[in-house]
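First comes the structure, then the notes that go with it.
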Amino acid sequence: MAPQRRLDRQPHERLLVQAGASGNAAGQVRLDALWGLDVFDRKVLPLGATAARSRPAWPAGRAPCQPWQDRLRNRLRLSAYRLGPEDLDAYLKRIAAFGPASIYGYSTAVSLLAQSAAARGFRCPSLKLATLSGEPAYPHLVETIERGFGVPAVVEYGAVECGFIAGEGADRRLRVRRGPGLR
């Protein structure tokens, strides 16, 4: 069983700004730290409106910044809207070349990637964790991801209104963030 650590006490907080599906990157970094990941580790993001879309719907002023932010933060974005067999094959090749420590994305998108990985015998030795966010992570999806990638698949909960709410620790118990509005 992993040691009990509070998610609201990590040293990386001052370096981070709001971002991500749950609205608070600091909470995501604290969750990653529980699993032995660092803020500078490579991460694959199969998410929604991203640079991976053919015509992204960017908020005003963000379009030019996102690709540079991703490069500086060691992130590889993949579209969660293009998940056909050819797309999944191409994504797995990009993931293998990128060598990420974690995958952070929608449960169904990560599950489809994991199914494709299992069918092709894909292995990524650098991969340590898959974090599921933005939609329900049903048990069959979590099992598929863990089997396909050979790493733990954990759940993160959040909301745009209050950011990161909770994340799953190594003992598979949720760690709830303490803070304004969360008691």
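Against the condition in a loop (DSSP other than H, G, I, E, B) and more than 23 Å from Trp35 (Cα to Cα), how does Arg82 come out, does it pass? For Arg82, the condition - in a loop (DSSP other than H, G, I, E, B) and more than 23 Å from Trp35 (Cα to Cα) - is met. Screening Ser107 with (1) closer than 21 Å to Gly84 by Cα; (2) buried (at least 23 other Cβ atoms within 10 Å of the Cβ); (3) not hydrophobic (A, V, I, L, M, F, W, C) gives one miss only, at (2). For the condition in contact with a Ser or Thr (Cβ under 8 Å, 6 or more places away or on another chain), under 19 Å from Lys43 (Cα atoms) and at pLDDT 90 or above, Leu129 qualifies. Test Ala101 against the criterion of being surrounded by 20 or more Cβ atoms within 10 Å (Cβ to Cβ), more than 19 Å from Val39 (Cα to Cα), among the small types (Gly, Ala, Ser) and touching a strand residue (DSSP E or B) at 6+ places or on another chain (Cβ under 8 Å), and give yes or no. Considered against the rule, which asks whether it is surrounded by 20 or more Cβ atoms within 10 Å (Cβ to Cβ), more than 19 Å from Val39 (Cα to Cα), among the small types (Gly, Ala, Ser) and touching a strand residue (DSSP E or B) at 6+ places or on another chain (Cβ under 8 Å), Ala101 comes out as no. The C-beta contact set for segment 31-49 (first residue surrounded by 17 or more Cβ atoms within 10 Å (Cβ to Cβ), second residue among the charged types (D, E, K, R) and in a loop (DSSP other than H, G, I, E, B), distance under 8 angstrom, 6+ apart or interchain) comprises Asp32/Asp38; Asp32/Asp41; Leu34/Arg5; Trp35/Lys128; Leu37/Lys128; Lys43/Arg73.
Condition check ((1) modelled with pLDDT of 90 or more; (2) assigned to a strand (DSSP E or B); (3) surrounded by 15 or more Cβ atoms within 10 Å (Cβ to Cβ); (4) more than 20 Å from the chain's Cα centre (by Cα)) across all residues:
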site	(1), (2), (3), (4)
Pro59	no, no, no, yes
Ala63	no, no, no, yes
Arg71	no, no, no, no
Leu76	yes, yes, yes, no
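Taking the criterion of being over 13 Å from the mean Cα position of the chain (by Cα) and modelled with pLDDT of 60 or more, the only residue of segment 39-57 that qualifies is Phe40. Being of a type in the set (Asp, Glu) and either surrounded by 13 or more Cβ atoms within 10 Å (Cβ to Cβ) or modelled with pLDDT of 95 or more (or both) is a condition met by no residue of segment 171-183. Return a yes/no flag: does segment 119-126 have any residue that is surrounded by 17 or more Cβ atoms within 10 Å (Cβ to Cβ) and in contact (Cβ under 8 Å) with a residue 40 or more places away in the chain. Checked segment 119-126: no residue is surrounded by 17 or more Cβ atoms within 10 Å (Cβ to Cβ) and in contact (Cβ under 8 Å) with a residue 40 or more places away in the chain.
The values are calculated or read from the model by the stated rules, or taken from the named source; none is laboratory data. Everything numeric in this text was worked out from a predicted model, so none of it was measured. Cβ sites come from the backbone with ideal geometry, for glycine too, and all protein chains shown count toward neighbours.
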